[in-house]
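Novice: Here it is, the structure in full.
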Amino acid sequence: MASPTAAAASGLLRFNEDGGRLRVELLGRWVVANAEVLDRLLGAMPAPDGRELDIDFTAIEAVDTVGAWLVHRTAARWQAAGGQAAIRGASPEYEVLLGQVAKADRPAPPRPKKLGPFAAMLDRLGRRVVYIWDDTLRLVSFLGETVAAMGRLAFVHPGRFRLTSTFAQAQAVGIEAMPIVGLISFLIGVVISYQGVDQLAMFGAQIFVVNLVAISVLRELGILLTAIVIAGRSGSSFTAQIGAMKLNEEVDAMRTLGLDPIEVLVVPRVVALMVMLPCLAVFADFMGLLGGMLMSWVTLGISPDVFMNRLAAAVTWKTYFVGVVKAPFFAVTIAVVGCLEGLRVEGSSESVGRRTTQSVVKGIFLVIVLDAAFSIFFATIGI
Amino acid sequence: MDSGGQDHPIIRLRGIRNAFGAQVIHDKLDLDVRRGEIIALVGGSGTGKSVLLRTIVGLNRPAAGSIEVFGQDIMHLPKVERRLVEQRWGILFQNGALFSSLTVAQNIQVPLKEHLGLKGPMLEEIAALKIALAGLPPEAGAKYPSELSGGMKKRAGLARALALDPEIVFLDEPTAGLDPIGAAAFDQLIADLRDTVGFTVFLVTHDLDTLATVCDRIAVLGEKRVMVVGTMNDMLEQTDPWIVEYFHGPRGRAALDAKARADARRRD
Ligand SMILES: Nc1ncnc2c1ncn2[C@@H]1O[C@H](COP(=O)(O)OP(=O)(O)OP(=O)(O)O)[C@@H](O)[C@H]1O
Ligand SMILES: [Mg+2]
């Protein structure tokens, strides 16, 4: 049982046994700051054994809602265990307070049932599979909706196309990305040339570094790196912008005003990226070649003149085309994934963060899958 | 715990000046709030009521003036002491400002954990109590803010503001968006808690029923300062055209009539 000494030492309550009744005198501050101590002291009270409980308020210093609720709970538990309980010496204010908490006292809602570890694992796995399948369907259907909206805007209602918004997006995703895309491509050109020279020197074929740089940058790396940078940079910003609007019910407001969010939010972004990503790819190709050229000049003394000659011999327009033609497809993938994830934001700010991560991860993943598919396709048709 | 004794104002504002760019919101604003009273701040939309509330609790640094709460200069308080002060007030923001990634119950537990270090079932039980006191159904505790109605968000915000049974509660338009029965119960709850727990209530409201039924004093914000402070009866005697319009307009009259009828019924 509660050691009466511990109770007395706390300065919060005092027990008095007196035959058929147990008197509890409340002392000090019965406030939320002392909640844990009070709960522990009350939890260790003796069992009723048919006795009467008297709770005496006369000596108390301060009570707040939590303190009053603890008193109320103690009395209620005592009664539930078959004893009588009475509260004495409470001022009219405390009576009101006790009334308030009595009204508010109700059983805490039951905790949800927990699964066993194995069942939980199966549960997670199942959810995951359904989720991935669901995700794929959604993406395909959203792509369809977007293409349909673009068709509508192109052929049926050209007046509804948001030109200003498209230009603003083009500025943000294209022009403003040039420094970072340019720098990365330039450095990649430098690295390939530097590493390539090392390897090719073993065969005395240093001069072929031009072919190496040209083919790898033009066919693959220029566009792929640009797409990855843009997925990280613009895909995430599409998701965050649209997601914040979704949280703020702006997207719902748009619908009620008869505006189609796909036409207003998605199409301008998709079109802007479709136009700008090929431009960025061309720019990236240029910067990559420039990096390779400078590096081979520095390490091998291949002058820009010679480099240009070798370049003309090494590549045809096809090499270049094979790289750039992928850009609009990557653009649609990145923009559609970014916008869809944005529109799927729900409820909390945490969801914006989660969706943004998803948008970047999925964007990059799909770009690489698509790139692999293109490689196979080009190999099959023999380009 | 008291600093300054019983008649020292619990909040004391002197010469407050707030400006956003060239737009001056408050200038030479003075206000005293007494311990244990329910004081309402009224004023037209955009007169800076919310900004003043944010200024008092230190979320907005005024360009000039001094702010004393519990007799302490809030603007120049070291971090540790500021935390102690923050435990002694609770705030209900105009739009609830609930943490969207936490459930209602977890929202209420935040101050309990943060300031008191409570743990375990006690936390959940106290959260359930506060949810009930704020007039929310028990299921609401497990819901996320985005799953609540506007009025329920207000109540959840109040439950969080009252979590620590603070000495001052700041309420920004607590009854906006509540149904009239709910709003009346809300007013009653505030008044009861003030009488029992003894806190001070600083509320911003446009609800004339709240003003008529539970407020001890009303402060009118206008012309960038507090124009008058006084009881409802004082307000009725003012001659400033805006105040006359506010309290003698059709809505003002209706609220006062309703209160007179309620008082008469109580006397019978
Ligand atoms: N962060 C801010 N930046 C610039 N101006 C602001 C900012 N916050 C508030 N304001 C301006 O300060 C003025 C007062 O705003 P405040 O939100 O305090 O109004 P209010 O009196 O609470 O109105 P309401 O009754 O509509 O809630 C407004 O004109 C508002 O435009
Ligand atoms: Mg406001």
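The values are calculated or read from the model by the stated rules, or taken from the named source; none is laboratory data. Just so we're clear, the structure is a prediction, and the values are computed from it rather than from any experiment. Don't worry about glycine lacking a Cβ; one is built from the backbone with ideal geometry, like all the others, and counts go over all protein chains shown.
Novice: Residues A:161, A:238, A:142, A:167: which one is aromatic (Phe, Trp, Tyr) and crowded, with 21+ Cβ neighbours inside 10 Å? Step through it out loud before you land on a result.
Specialist: Details: A:161 fails: crowded, with 21+ Cβ neighbours inside 10 Å; A:142 fails: crowded, with 21+ Cβ neighbours inside 10 Å; A:167 fails: crowded, with 21+ Cβ neighbours inside 10 Å.
Among A:161, A:238, A:142, A:167, only A:238 is aromatic (Phe, Trp, Tyr) and crowded, with 21+ Cβ neighbours inside 10 Å.
Novice: Could you say which residue among B:182, B:157, B:198 is closer than 24 Å to residue A:69 by Cα, within 14 Å of another protein chain (Cβ to nearest Cβ) and among the small types (Gly, Ala, Ser)? Write out each step before concluding.
Specialist: Numbers: B:182 fails: within 14 Å of another protein chain (Cβ to nearest Cβ); B:157 fails: within 14 Å of another protein chain (Cβ to nearest Cβ).
Of B:182, B:157, B:198, the one residue that is closer than 24 Å to residue A:69 by Cα, within 14 Å of another protein chain (Cβ to nearest Cβ) and among the small types (Gly, Ala, Ser) is B:198.
Novice: Can you tell me which residue among B:24, B:85 is assigned to a strand (DSSP E or B) and either away from ligand 1 (no atom under 16 Å from the Cβ) or more than 20 Å from the chain's Cα centre (by Cα) (or both)?
Specialist: On the way: B:85 fails: assigned to a strand (DSSP E or B).
After ruling out the rest, the residue left standing is B:24.
Novice: Continuing with this model, one more query. What residue, of A:335, A:312, is surrounded by fewer than 19 Cβ atoms within 10 Å (Cβ to Cβ) and aliphatic (A, V, I, L, M)? Outline the logic, then answer.
Specialist: Working: A:335 fails: surrounded by fewer than 19 Cβ atoms within 10 Å (Cβ to Cβ).
Matching residue, one of A:335, A:312: A:312.
Novice: Still on this structure, I have one more. Picking from B:142, B:97, B:105, which residue would you name as being touching a residue at least 24 places away in the same chain (Cβ under 8 Å), more than 8 Å from every other protein chain (Cβ to nearest Cβ) and surrounded by fewer than 21 Cβ atoms within 10 Å (Cβ to Cβ)?
Specialist: Values: B:142 fails: more than 8 Å from every other protein chain (Cβ to nearest Cβ); B:105 fails: surrounded by fewer than 21 Cβ atoms within 10 Å (Cβ to Cβ).
Answer to the check: B:97.
Novice: Go through A:302, A:223 for me and flag whichever is at pLDDT below 90 and buried (at least 19 other Cβ atoms within 10 Å of the Cβ). Write out each step before concluding.
Specialist: Numbers: A:223 fails: at pLDDT below 90.
Of A:302, A:223, the one residue that is at pLDDT below 90 and buried (at least 19 other Cβ atoms within 10 Å of the Cβ) is A:302.
Novice: Would you confirm whether any residue within region B:191-201 is among the aliphatic types (A, V, I, L, M), within 16 Å of ligand 2 (Cβ to nearest atom) and modelled with pLDDT of 85 or more? Steps first, please.
Specialist: At the first step, the residues of region B:191-201 found to be among the aliphatic types (A, V, I, L, M) are B:191, B:193, B:197, B:201.
Remaining after also requiring within 16 Å of ligand 2 (Cβ to nearest atom): none.
No: zero hits.
Novice: Can you tell which of B:150, B:222 is within 16 Å of ligand 2 (Cβ to nearest atom), under 30 Å from residue B:24 (Cβ atoms) and more than 17 Å from the chain's Cα centre (by Cα)?
Specialist: Details: B:150 fails: under 30 Å from residue B:24 (Cβ atoms).
One residue alone meets the criteria, B:222.
Novice: Still on this model: Is it the case that some residue within region A:31-51 is touching a residue at least 24 places away in the same chain (Cβ under 8 Å) and in a strand (DSSP E or B)?
Specialist: no
Novice: Would you mention how many residues in region A:339-381 are modelled with pLDDT under 95, surrounded by 14 or more Cβ atoms within 10 Å (Cβ to Cβ), part of a helix (DSSP H, G or I) and of a type in the set (Val, Ile, Thr)?
Specialist: So the count comes out to 1.
Novice: For region B:196-218, check the following and say yes or no: at least one residue is surrounded by fewer than 17 Cβ atoms within 10 Å (Cβ to Cβ), more than 15 Å from the chain's Cα centre (by Cα) and free of Cβ contacts under 8 Å to residues at least 24 places away in the same chain.
Specialist: Within region B:196-218 (the criterion being surrounded by fewer than 17 Cβ atoms within 10 Å (Cβ to Cβ), more than 15 Å from the chain's Cα centre (by Cα) and free of Cβ contacts under 8 Å to residues at least 24 places away in the same chain), the answer is no, since none of the residues qualifies.
Yes/no matrix, rows are residues, columns are (1) within 14 Å of chain B (Cβ to nearest Cβ); (2) polar (S, T, N, Q); (3) in contact with a strand residue (DSSP E or B) (Cβ under 8 Å, 6 or more places away or on another chain):
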| site | (1), (2), (3) |
| --- | --- |
| A:14 | no, no, yes |
| A:44 | no, no, no |
| A:73 | yes, no, no |
| A:77 | yes, no, no |
| A:85 | no, no, yes |
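Novice: Further question on the same structure: Between a first residue in region B:29-57 that is at pLDDT 90 or above and a second residue that is more than 9 Å from ligand 2 (Cβ to nearest atom) and assigned to a helix (DSSP H, G or I), which pairs have beta carbons less than 6 Å apart while being 6 or more apart in sequence or on different chains?
Specialist: B:38/B:194; B:40/B:211
Novice: May I ask you to list the residues in region B:108-121 that are modelled with pLDDT of 85 or more and crowded, with 18+ Cβ neighbours inside 10 Å?
Specialist: Of everything in region B:108-121, those that are modelled with pLDDT of 85 or more and crowded, with 18+ Cβ neighbours inside 10 Å turn out to be B:108, B:109, B:111, B:112.
Novice: Kindly establish whether residue A:154 is more than 14 Å from chain B (Cβ to nearest Cβ), part of a helix (DSSP H, G or I) and out of contact with any helix residue (DSSP H, G or I) (no Cβ under 9 Å at 6 or more places or on another chain). Before the answer, list the steps.
Specialist: Working: more than 14 Å from chain B (Cβ to nearest Cβ): yes; part of a helix (DSSP H, G or I): yes; out of contact with any helix residue (DSSP H, G or I) (no Cβ under 9 Å at 6 or more places or on another chain): yes.
Yes, satisfied.
Novice: I'd like the full set of residues that are farther than 21 Å from residue B:123 by Cβ and of a type in the set (Val, Ile, Thr), limited to region A:71-123.
Specialist: The answer is A:87, A:96.
Novice: Right, next: Looking at (1) surrounded by 15 or more Cβ atoms within 10 Å (Cβ to Cβ); (2) touching a strand residue (DSSP E or B) at 6+ places or on another chain (Cβ under 8 Å), which is the one condition that is false for residue A:62?
Specialist: Going through the list (1) surrounded by 15 or more Cβ atoms within 10 Å (Cβ to Cβ); (2) touching a strand residue (DSSP E or B) at 6+ places or on another chain (Cβ under 8 Å), residue A:62 breaks only (1).
Novice: How do the pairs read when you match residues in region B:60-83 that are over 17 Å from residue B:16 (Cα atoms) with residues anywhere that are of a type in the set (A, V, I, L, M), using Cβ under 7 Å and keeping only pairs 6 or more apart or on different chains?
Specialist: Final answer for the pair search is B:70/B:10; B:70/B:85; B:77/B:85.
Novice: Further question on the same structure: Cβ-Cβ distance below 9 Å, separation of 6 or more or different chains: which pairs start in region A:318-341 with a residue that is free of Cβ contacts under 8 Å to residues at least 40 places away in the same chain and closer than 19 Å to residue A:149 by Cα and end on one that is of a type in the set (Asp, Glu) and buried (at least 24 other Cβ atoms within 10 Å of the Cβ)?
Specialist: none
Novice: Which residue is farthest from ligand 1 (Cβ to nearest atom), if the candidates are limited to region B:55-73 and must be more than 19 Å from residue B:199 (Cα to Cα) and either of a type in the set (Phe, Trp, Tyr) or surrounded by 20 or more Cβ atoms within 10 Å (Cβ to Cβ) (or both)?
Specialist: The initial filter retains those residues of region B:55-73 that are more than 19 Å from residue B:199 (Cα to Cα), namely B:55, B:58-67, B:73.
Applying the additional criterion that residues be either of a type in the set (Phe, Trp, Tyr) or surrounded by 20 or more Cβ atoms within 10 Å (Cβ to Cβ) (or both) yields B:55, B:62, B:67.
Working: B:55: 9, B:62: 13, B:67: 16 Å.
That would be B:67.
Novice: Does residue B:92 fit the bill of being within 12 Å of chain A (Cβ to nearest Cβ), hydrophobic (A, V, I, L, M, F, W, C) and either surrounded by 16 or more Cβ atoms within 10 Å (Cβ to Cβ) or not in a strand (DSSP E or B) (or both)?
Specialist: Values: within 12 Å of chain A (Cβ to nearest Cβ): no; hydrophobic (A, V, I, L, M, F, W, C): yes; either surrounded by 16 or more Cβ atoms within 10 Å (Cβ to Cβ) or not in a strand (DSSP E or B) (or both): yes.
No; evaluated as a whole, the condition is false for this residue.
Novice: Can you pull out the residues in region B:41-66 that are in contact with a Phe, Trp or Tyr (Cβ under 8 Å, 6 or more places away or on another chain) and more than 13 Å from ligand 2 (Cβ to nearest atom)? Let's see the steps before the verdict.
Specialist: Within region B:41-66, the subset in contact with a Phe, Trp or Tyr (Cβ under 8 Å, 6 or more places away or on another chain) is B:41-42, B:44, B:53, B:56-57.
B:56, B:57, listed by residue number.
Novice: Scan region B:244-268 and report the pairs whose first residue is exposed (fewer than 14 other Cβ atoms within 10 Å of the Cβ) and whose second residue is assigned to a helix (DSSP H, G or I) and modelled with pLDDT under 80, with Cβ atoms within less than 7 Å and a gap of 6+ or a chain change.
Specialist: none
Novice: Specify the residue that is nearest to the other protein chains (Cβ to nearest Cβ); the eligible residues are those in region A:100-146 that are acidic (Asp, Glu) and more than 30 Å from residue A:338 (Cβ to Cβ). Show your work before the answer.
Specialist: To start, the set of residues in region A:100-146 that are acidic (Asp, Glu) comprises A:105, A:123, A:134-135, A:145.
Add one more test, that the residue is more than 30 Å from residue A:338 (Cβ to Cβ), and what stays is A:105, A:123.
Working: A:105: 7, A:123: 19 Å.
The extreme case among them is A:105.
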